[in-house]
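Here the structure is laid out as structure tokens; the discussion comes afterwards.
Bear in mind these aren't lab numbers, they're just calculated from the coordinates by the rules spelled out. Keep in mind that this is a model prediction, so the values were computed, not measured. Heads up, the Cβs are rebuilt from the backbone with ideal geometry, glycines too, and the neighbour counts pull from every protein chain shown.
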Amino acid sequence: MSGLQVEVRKGSTAKLGRVEGDLGVAKGAKIVAADGKAVTVTGAAHFEGDAEVDCSLQCDSIVVDRGVLKVSGDLAATRGVDVAHTVRVSGAISAEAIEVGGKMDAGSVSCKGSVRVGGIVEVAKALEADSVDVGGKIAVRGAVKLRDLSVGGMAEVGGGSIAGRATIGGIFESKAPLEFGEIRVYGKCGLPAGCKGKRISTGGKLFVGGDLSCEQVEVGGLAEVKGGLSSSKVTVNGKLNVLGSLSFTDALEIFGMGEVRGETKGVDLRVGGRLKTNKAVLSGAAEVAGEVETAVGLKAQSILVGRGSRCTGPLVGGRVELGSSEYVAANWSKSWAGQMASIRLVGRMTSVEDVYADEVVLGANTRCKRVFARNIQLGAGSILEQATYTGELRQGPHRVFITKPPEKVESLPPFPL
Amino acid sequence: MAGGRTKRSKADLYATILEVIRTYPEGERITRISYGVGVPVDRLKAMVEKLSSAALVRKIAADGDEKGAYYYSVTPRGLEFLDTYRKMKGFLEAFGEGS
């Protein structure tokens, strides 16, 4: 420890004011402030082991070789804080960079650069830093203001903002509204109402206590949104439950199960599993290779219902094609297993209820109730209750089954939705 | 690492160790890693040696004054283990059997 100006011996108590130069503190020592408030060290403060600072401490940099450093006031370093084991600061820690091998406890943390902690971080109030990387667990009761966050285990914050990327290996929970860039949670993610971000992806569970606004949502397991969900693109490989309405400006892709109590409104819809919603209104295309259940109806520019699929509730579209093609799902999403897949519900008839459209094409073995369209084309084995059209009814030499005689009319009844 | 007191499996321990070492991309010594993991150095050493022999951790001898000391960092394969472990935990979470 060459160049030291002040040394505090092992087990002793030193009353200090301003230290010009470096400070060396041996194991078991205690430092108190001459003015009762703070000790200022113009150089570096070096602690060999366990030590107690019963005031605030300000220095150029701090190094703690081992043991626990306790500071009852604030701890401020112009440059870095480097603690091998544990640091406990009742007040605020502020530094250019913070590195702790074991545990960091603080009232609040303000760091211009990176905070890196091998084990656990606990902050009673706010945490502000450029990046935070924690191997174990982080709990911040106040708000965070970060660019990036990476936590191996569990992360709990009191709202704030994570402008860049948050990667959480285990559980993530925010107790207050959070603004985020990208959140990737492998386990469980809990957000309150009023959160807003660019992208959220979860492998396990996502719970949102109210409304969520997020450009891209990817759900690997289970997602429940207790309010409305507003997004650009939503991809569900597991189960999505939205208690409010769901609106999206790009596509909604459901490979598992989706239930939206309110209205589903967006551009394109792709269902490889099951979707249940009160009403679906789309400005683009709906492609169904599974089941869609609506109370009020599904409306889109074009509706393609794959062979063996089932739709409950009226279908309203420009062009509606039912059961005429085997649906190829691989085109939907490049990230879906990276494999070509073809979904065909073998042995099941394609079944829909009422259809209102400009053009309706019924493939082989399709069952529907009433069809109202300008032109209708019937495939072999089609079964329908009623066909009402203004243009053409086309049917090949094959048999079709229509309960009531087809009716050509001057104008069709008003379409729902 | 977690708040509960359930006994950690070997995979949990290895993942915990890798998560701590991951925070030191430039490598770190065993003592400091033990503070993050919360396991005594001698016990940790055995586990880290196993991870090293499985190529999940890289072991580099320190030079200069630190004769006999080693620095440990996570390999790409170790990151792959962590990614797979996290994904599996996510699946179990979705089944209601996680954390």
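What the table shows:
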{"read-out": "Mean projected area (nm²) of the alpha-carbon convex hull when chain B is viewed from all directions", "value": "6.6 nm²"}
{"read-out": "Calculated FRET efficiency for the pair B:R8/A:S213, C-beta based, R₀ 45 Å, to 0.05", "value": "0.75"}
{"read-out": "Computed FRET value (nearest 0.05) for A:H398 with A:D130, which takes r as the C-beta separation and R₀ as 56 Å", "value": "0.20"}
{"read-out": "Cα-based Lys pair tally, region A:1-95, threshold under 15 Å, eight or more apart or on separate chains", "value": "6"}
{"read-out": "Shape call, region A:1-95: gyration tensor on alpha carbons, a/c limit 1.5", "value": "rounded"}
{"read-out": "Gained length - A:T249 relative to A:N278, 0.36 nm times residue gap less alpha-carbon distance", "value": "8.6 nm"}
{"read-out": "Inter-chain Cβ neighbour average for residues A:111-123, partner chain, 10 Å", "value": "3"}
{"read-out": "Relative contact order (percent, whole number), region B:10-78, Cα cutoff 8 Å, 6+ residue spacing", "value": "36 percent"}
{"read-out": "Space enclosed by the convex hull of the alpha-carbon atoms of region A:237-282, per residue, Å³", "value": "51 Å³"}
{"read-out": "Debye log10 I(q)/I(0) for the protein assembly as shown, one point scatterer per Cα, at q = 0.10, 0.13 Å⁻¹", "value": "-0.82, -1.13"}
{"read-out": "Cα-centre dipole for the protein assembly as shown with unit charges at Cβ (Lys and Arg positive, Asp and Glu negative), debye to 20", "value": "1260 debye"}
